[in-house]
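Here's the structure, in structure tokens; my notes come after.
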Amino acid sequence: MKTLSEVLRDWEAVIGLEVHTELTTLETKMFCGCRLSHEDDPNADVCPVCLGLPGALPVPNKEAIRSIVKAGLATDCEIQKRSMFYRKHYFYPDMAKNFQTTQGPVAFCMHGHLDLEIRGQGAAELPADAPEDRRASTPSSAMNAHGGTGALALDEDAAGEGLLTRTDDGYTVPIRILRIHMEEDAAKMTHLGGSEGRIGGAAESLIDYNRCGTPLIELVTEPDLRTPEEARLFMEKLRRVFLAIGISDCSLESGSMRCDGNVSLRRKGETTLGTKTELKNLNSFKSLHDGLEYEICRQAQVLEEGGVVLQETRHFEPARKRTVVMRVKETADDYRLFPDPDLAPFDLSDDFIESCRAELGELPDAKRDRFEATFNLKRADAEALAADPALASFFETAAGAAARGAVSVANVLLNVVLGQWRAAGEDAKSSSLTPAQVAGLADLVAEGAIVSAQAREVAAAMAETGESAEAIVDARGLRQETDDDALMAVVEQVLAACPDQAAQYRSGNTKVIGYLVGQCMRACNGTGNPKRFNELLRESLT
Amino acid sequence: MRSFDELSAAEIAAGVAAGDFSAEEVARASLDAIEAREPSIHAFLQVTEELALERARELDRARAAGEKLPPLAGVPLAVKDNMNLIGSRTTCGSRMLEDYESPYTATCVARMVEAGCLPVAKANMDEFAFGSSTETSYFGKTANPWDVERVPGGSSGGSAAAVAAGEVTLALGSDTGGSIRQPASFCGVVGLKPTYGAVSRYGVVAFGSSLDQVGPFGRRVEDVALAMNALVGPGRDPLDSTSQDCPVDFLEHLEDGVRGLRIGVVSELVEARGVSAEVKAVVYAAARALQDQGAELVEVALPHIEDSIAAYYVIGPCEAFSNLARFDGVRYGYQEPGCATLAEQSEKSRAKGFGAEAKRRQMLGAYLLSSGVYDRYYYKAQQARTLITRSYANAFEKADVLLLPSSPRTAFKFGEISDPTEMYASDLCTISSNIAGNGSISVPAGLGRETGLPVAVQLQGPAFKDRRLLTFARAVERAFEGECAVAPAFAGKGGELA
């Protein structure tokens, strides 16, 4: 099979995502008062409504509506004041009523977008000759090929301005969101005694209705994505936005956020869409990328061998990095969608929508821009810090406490502290370091009083003892000599002792400077700053 | 000694409150009447003796403790068997739910019991309320107390027959296309279909969710007013998002009379093909009687009314298909034993659990909702619905209440109508107010001059003006006083109170 970059020389991949997010931060289910819990015993959190018992009726959870409106506002969607719930019928025991309550052509949120900034390695996946306007080649009429629920496209140019724009180290591109709709989750089924964990061969199937009726929002993108990396970044960014507005714990691992990918290929320059396949089991960012990568390469091989891509649902196997057929879609399923007569149409007021907007807080993009502008951070660093609300707030507190600027705080956080948290299984919320400690450490690094290798040692000691960076540095004698006269004396002593290396440097072998710095460090018992030694050596040798 | 079936709900409650008799004595009288009359009527699928006695004793204890009794204290109540009541089965007249016991009680039932009613029995019905004769019940037919060779109407036939036979004083029914008003008319009792949303549907097994409405049966308009106070009094039901507040006292204007009010006669329905001469005669007699009491008669047209049946037989089956999808033999209800796969189990459980009419409606709905067909039928039916609702709105600018037949004819014999479409057409007079959602009531207006069977008139009012309907119904009742009571063959049989 060809590699991705080989394939994308001749083919254009067209990718759309369907992302389901459980609103885990709510207290109760979508249409009843049952508790939302992942830990309770099976079938402990059930009632006549979520069990679909005869006569039971749904009552919508207002907080869930708030959550989806916030999701829509955070992704620049148009909030639809008038929308309603529909019934989607299919016979399977995970849905107690044998229909799922979901939305029809008009969802609470329509026509939004999320702008991606793609830098470095990932940007290289997109060929240099890729078209700048993706909308022109995937008009909304393409919806039926890629839409999640057979929804109708209502408005063609709602995604705002935005073409692909090349930047110094990559490109930016807006990805249109077709809709975000509200629905209820199904029960969890466990099949025992079968070889494949499917109902077909199982001796027994167990159903846990605790999850049945969990509020779920489904986001459907337009088929605007062109590389696996774009898909991965879209998902990462969406997750950051949803975390920031607090509507879900967004765990890909536990499945509270899950993603299906639709992908098709077409020859470069074509404007009609090829036959798509739908990928399941993309339950990590890596799987999302690798699954799409494999599938693009597989489809290219099929097409180049003169075959046809079948419209089918495929399962990604991360261990073997391949996709296998789950089921072939010969005909479209007929879900007999019709408006749910038990749920009156919604008529959201401006006040309601504005009160949702007021709760949004600062979104990751705005935070990144502010960090970049206010603290003079590199854009990538600003983005990394803004990604997690707890980390961002930790950073801001530490930056406020630091005497020698926020850039050093950002560096220490991203290069030292994050690694330590990861190793200790901590994060910004559960950190054993305080922002004040980190600020102190960042100041010492900024002064050149310690080097970054020592910063790791100091950070570990701070976490252990709770003491300040300064106290630890002094107690352990780690402080570097920062007085240039003292350092210059060492440099002169070393140059006098190493005339050969000095001559080599002068004759153009600048690599030898490393040896000389090492000699300086040895001469001062490690109390000097190697960076400053390096500078002083260069000055002395020219 | 006198038979409890002579007493109105208000008289029973007053008697219990005054200590003339205990609630338990009333319960026993009702149970005695049931024992004596039920073999000929078969109005009930289950007599919930223990539940009735338990509630009665509770009320008697409350009285002994000096507490104020609720307004319907001690009034025997029958509940249609599509309404959940803890401690009883809810079969919906279907084999599918033959042994089904609900773990919760419907709001409407709970409110009646809270208001003092004794839940005496669960009443027979057409399977899942699909029918107009109660003949589609899996558990056998119910006889019309006025002529046991005839149907009581349907689908709430058991509820109507029980009240007409004097087995209970009040009954609850549900009306999706006339299922309260038509049996009320066949059995000579009062039956009200309130405005959609006035009474909670929570706990009532759904047939057509946008059409279904719960309402009471009684032998007197006043009893129906008391039942409505119990059903809507506590305010909208937070468990039914289509329910609305309806803050009125239904007794307040009951005796106001109709002087100066306008009654609109819907000639196109009175003169419609299939309406019998005796029914026509009764409607015109009622119109004259109302005129004599000071009402003004006006002619009213209801354009598009003839589309009601078509719209109904699209919307109803679509919603029924969806609502009945949950009966698959997996969690509860009839389950075919020994099946190898889930699909086989569901198919066979449904094939054996549902009767012919239930299957017919679900298959119709499954077809009408399928892609490519939906726009031509369901969508069109909704458009028709809008037009019909508008017709009513125009009519109510000219008239305060409309007058029309409850049914084109009096009760027919068992098996007399075997063609489903002919049976569907018999709903002509009632269906439109389910389509539009406004309230309507069937009030007995004497006996037919040809058949000698009860004939009723139907009054229809604007949405949420159900109290006005009762004022008009009381005026009709006043005009025909003495002719509507317990069916003569059963009056006084068993059920004596000291």
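For a quick check of understanding: with a 1.4 angstrom probe and all protein chains in place, what accessible area in square angstrom does residue B:465 have, to the nearest ten?
Its heavy atoms expose roughly 90 Å² to the probe.
Under a point spin-label approximation (7 Å from Cα along Cα-to-Cβ), what is the residue A:132-residue B:425 distance to one decimal in nm?
7.1
Can you give me the Cα centroid spacing of the stretch B:306-337 and the stretch A:264-293 in angstrom?
One Cα centre to the other: 40 Å.
Along the charge dipole of the stretch A:484-541, Cβ charges K/R +1 and D/E -1, which of A:514, A:490, A:524 sits furthest on the positive end?
Farthest towards the positive pole: A:514.
Hey, any idea what Rg/Rh is for chain B, computing Rh the Kirkwood way over Cα pairs?
Taking Rg over the Kirkwood Rh, I get 0.96.
Of all the C-alpha pairs in the stretch B:67-209, what % are more than 18 Å from each other?
51
Report Rg/Rh for the stretch B:248-387, rounded to two decimals, where Rg is the Cα radius of gyration and Rh the Kirkwood radius.
1.19
Just the number, please: percent antiparallel of the DSSP beta bridges in chain B, rounded to the nearest 5.
DSSP beta bridges in chain B are roughly 65 percent antiparallel.
Which whole number gives the average, over all residues in B:100-107, of C-beta atoms from other chains lying within 10 Å of the residue C-beta?
The per-residue average across the peptide is 3.
Looking at B:431, A:374, B:395, which one has the Cα that reaches farthest to the positive end of the dipole of the protein assembly as shown (charges on Cβ: Lys, Arg +1; Asp, Glu -1)?
Projecting each Cα onto the dipole axis, the largest value belongs to B:431.
P(r) for the stretch B:307-375: what percent of alpha-carbon pairs falls in each 10 Å bin, starting at zero?
For the stretch B:307-375, the pair-distance distribution reads 21, 44, 26, 9, 1.
So which aspartates and glutamates can residue A:429 reach, going by Cα to Cα under 12 Å and dropping same-chain residues fewer than 8 places off?
Within the straight-line limit of under 12 Å, residue A:429 reaches these aspartates and glutamates: A:388.
Using the crude model of +1 on Lys and Arg Cβ and -1 on Asp and Glu Cβ, and no other charge, please compute the dipole size for the stretch A:259-360 relative to its Cα centre, in debye to 20.
Magnitude of the dipole: close to 920 debye.
Taking the Cβ of residue B:158 as the centre, find all other residues whose Cβ is under 11 Å away and add up their charges (Lys, Arg: +1; Asp, Glu: -1).
-1
So which cysteines of chain A have no other cysteine's Cβ under 4.7 Å from theirs?
Unpaired cysteines in chain A: A:32, A:34, A:47, A:50, A:212, A:250, A:259, A:297, A:356, A:498, A:520, A:524.
Counting only other residues whose beta carbon sits under 14 Å from that of residue A:82, what net charge do I get with K and R as +1, D and E as -1?
-2
Of the peptides A:299-310, B:6-17, B:73-84, how do they stack up when ordered by the mean number of other Cβ atoms within 10 Å, highest first?
Result, highest mean first: B:73-84, B:6-17, A:299-310.
Where Rh denotes the Kirkwood radius from the mean inverse Cα pair distance, what is Rg over Rh for the stretch A:4-358?
Rg/Rh for the stretch A:4-358 comes to 0.96.
Round to the nearest 10 and report in Å² the accessible area of residue B:304, as given by a 1.4 Å probe over the protein chains' heavy atoms.
70
Mind listing which trypsin sites (Lys or Arg not before Pro) in the stretch A:433-542 are in a DSSP loop and have 13 or fewer other Cβ atoms within 10 Å?
Hits after loop and neighbour filter: A:476.
Stokes-Einstein diffusion coefficient for the protein assembly as shown at 37 °C in a medium of 0.692 mPa s, Rh from the Kirkwood formula over Cα pairs: what value in µm²/s?
Translational D for this selection: 98 µm²/s.
Using modelled backbone amide H atoms (1.01 Å from N, in-plane), which distant-in-sequence or interchain residues come within less than 5 Å of residue A:99's amide H?
A:90
Which value, in debye to the nearest 20, gives the size of the charge dipole of the stretch B:364-423 about its Cα centre, when Lys and Arg are +1 and Asp and Glu are -1 at the Cβ?
It comes to approximately 140 debye.
What ³J(HN,Hα) values, in whole Hz, does the Karplus curve 6.51 cos²θ - 1.76 cosθ + 1.60 give for the stretch A:424-433 when θ = phi - 60°, with x put for Gly and Pro?
My calculation for the stretch A:424-433 gives 8, x, 10, 8, 4, 6, 9, 4, 8, 9 Hz in order.
Principal axis lengths of the stretch B:1-155 from Cα atoms, whole Å, largest first?
Dimensions of the stretch B:1-155 along the principal axes of its Cα atoms: 47, 36, 20 Å.
Taking each residue in B:200-210, count the Cβ atoms of any other chain within 10 Å of its Cβ, then average. What number comes out?
That works out to 4 on average.
Could you check the simple spin-label distance between residue A:542 and residue B:359, using points 7 Å along Cα→Cβ, in nm with one decimal?
Calculated label separation equals 9.6 nm.
Counting protein heavy atoms only and a 1.4 angstrom probe, how many square angstrom of accessible surface do chains B and A bury in total, to the nearest 100?
Chains B and A together bury approximately 2700 Å².
For a quick check: with amide H placed at 1.01 Å from N, whose amide H comes under 5 Å from residue B:297's, ignoring anything fewer than 5 positions away on the same chain?
Answer set, sorted by chain and number: B:263.
Could you give the semi-axes, largest first, of the ellipsoid that matches the stretch A:163-242, computed as the square roots of 5 times the alpha carbon gyration tensor eigenvalues and rounded to whole Å?
Square roots of five times the eigenvalues give 39, 17, 10 Å.
Can you give the mean number of other chain Cβ atoms that lie within 10 Å of the Cβ atoms in peptide A:98-105?
Counting Cβ atoms of other protein chains within 10 Å of each residue's Cβ and averaging gives 2.
Out of residues 5 or more away from residue A:115 or on other chains, whose amide H comes under 5 Å of its own, with H placed 1.01 Å from N in the peptide plane?
A:175
Using a probe of 1.4 angstrom, how much of the accessible area of the stretch A:1-82 is carbon and sulfur, in percent?
Answer for the stretch A:1-82 is 45 percent, counting heavy atoms of protein chains only.
Nearest 20 debye, what's the magnitude of the dipole of the stretch B:307-375 about its Cα centre given +1 on Lys and Arg Cβ and -1 on Asp and Glu Cβ?
Roughly 240 debye for the stretch B:307-375.
Compute the normalised compactness of the stretch B:348-460: alpha-carbon radius of gyration over 2.2 N^0.38 Å, N being the residue count.
The value comes to 1.35.
Applying 1/(1 + (r/R0)^6) with R0 = 41 Å to the Cβ-Cβ distance of residue A:168 and residue A:328, what FRET efficiency is obtained, to the nearest 0.05?
0.35
Using a cut-off of 14 Å between beta-carbons, work out the net charge of the residues near residue A:40 (Lys and Arg +1, Asp and Glu -1, residue A:40 not included).
Once positives and negatives cancel, what remains is -1.
Whole angstrom only: what separates the Cα centroid of the stretch A:463-518 from the Cα centroid of the stretch A:8-38?
After rounding, the separation between the Cα centres reads 54 Å.
Have a look at B:202, B:83, B:451 and report the one farthest towards the positive end of the charge dipole of the protein assembly as shown, computed about the Cα centre with Cβ charges (Lys/Arg +1, Asp/Glu -1).
Selected residue: B:451.
Rounded to the nearest 0.05, what FRET efficiency do residue A:305 and residue B:370 have when you use their Cβ-Cβ distance and R0 = 41 Å?
Plugging the Cβ-Cβ distance into 1/(1 + (r/R0)^6) gives 0.60.
Go through the stretch B:100-116 residue by residue and turn each phi into a ³J(HN,Hα) via Karplus (6.51, -1.76, 1.60, θ = phi - 60°); whole Hz please, and just put x for glycine and proline.
So the J values, rounded to whole Hz, are 6, 10, 7, x, 8, 10, 4, 4, 4, 5, 4, 5, 5, 5, 4, 7, x.
The values are calculated or read from the model by the stated rules, or taken from the named source; none is laboratory data. Quick caveat: nothing in here was measured; it's all calculated off a predicted structure. Don't worry about glycine lacking a Cβ; one is built from the backbone with ideal geometry, like all the others, and counts go over all protein chains shown. For accessibility, only protein heavy atoms count, side chains too; no ligands or nucleic acids. Shrake-Rupley method; radii C 1.70, N 1.55, O 1.52, S 1.80 Å.
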